[in-house]
């Protein structure tokens, strides 16, 4: 896993966290000429990533994505869904 977050030891007890981490890693592994979602998000020129992403950037992003699969992250997502419903 290139886009590795912290606390992967929790995967055994939190399989949803593992799914989030694996899908994020796949999204960022050689999708478009070696450029993934994070490369485009952090590019100085939006459609032309040029190696701006650091190892630390990858770790931070992967940790946040992994956290979304945790029980607290899932609660956060449900709160977002509730707020979205208010917009309708």
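Of these, 17, 59, 81, which one is exposed (fewer than 10 other Cβ atoms within 10 Å of the Cβ) and assigned to a helix (DSSP H, G or I)? Please lay out each step first, then the result.
Details: 17 fails: exposed (fewer than 10 other Cβ atoms within 10 Å of the Cβ); 59 fails: exposed (fewer than 10 other Cβ atoms within 10 Å of the Cβ).
Among 17, 59, 81, only 81 is exposed (fewer than 10 other Cβ atoms within 10 Å of the Cβ) and assigned to a helix (DSSP H, G or I).
Could you list all residues from region 62-78 that are in contact (Cβ under 8 Å) with a residue 60 or more places away in the chain and either part of a loop (DSSP other than H, G, I, E, B) or surrounded by fewer than 17 Cβ atoms within 10 Å (Cβ to Cβ) (or both)?
Passing the criteria: only 70.
Values quoted throughout were computed directly from the atomic coordinates according to the rules given, and no laboratory measurement underlies them. Predicted model only: the values in this text are computed from it and were never measured. Because the Cβ atoms are built from the backbone with ideal geometry, glycine has one as well, and the counts that use them run over all protein chains shown.
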